[in-house]
Amino acid sequence: MPQENAERRVVVTGPPRRARRTSGYYRPRTEIDEQTTLGHTYVRSLMRIQLRTGLTVFAVLALLIGPLPLVFAAAPDARRLEWAVLGFGLYPPLVLLARWYVRRAERNERDFVRLVEDR
């Protein structure tokens, strides 16, 4: 009879109430995948630096091409000069500017991946 009067223990199982961290270190990739505020900040910083790179290229391009109509208006008799400047003088700076932009954008992305992958 002493067993009947003893309190019975009931074990209740269910899903854990709090998510436990499986690892003891911080993972930025998880923050980005879960779209947390910190992950949003990481992506926004990448977008901001890519935008800054694009605006830099646009500013250089505007400074390079913007004054050309004024230069051409100052010398109305120099039609061959206009075609030489547009055909040959502008091409090398545009190619160099494009190469710089692509290298810079790829470097920004590499730095971002290195930051996210914890390497």
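The values are calculated or read from the model by the stated rules, or taken from the named source; none is laboratory data. This one's a predicted model, so the numbers in the text were calculated from it and none came from an experiment. Cβ sites come from the backbone with ideal geometry, for glycine too, and all protein chains shown count toward neighbours. These area figures cover heavy atoms from the full protein model, side chains too; ligands, DNA and RNA do not enter into them. Shrake-Rupley method; radii C 1.70, N 1.55, O 1.52, S 1.80 Å.
Some notes on this structure:
- If you go through the range 79-104 and pick out every residue that is in contact with a helix residue (DSSP H, G or I) (Cβ under 9 Å, 6 or more places away or on another chain) and at pLDDT 95 or above, you end up with 5.
- The single residue among 57, 95, 71 that is open to solvent by less than 70 Å² (accessible area, probe 1.4 Å), without any contact (Cβ under 8 Å) to a residue 24 or more places away in the chain and in a helix (DSSP H, G or I) turns out to be 95.
- Long-range neighbours under 8 Å by Cβ, at least six apart or interchain, first residue assigned to a helix (DSSP H, G or I) and open to solvent by less than 70 Å² (accessible area, probe 1.4 Å) within the range 29-40, second modelled with pLDDT of 75 or more and not hydrophobic (A, V, I, L, M, F, W, C): 31/42; 32/42
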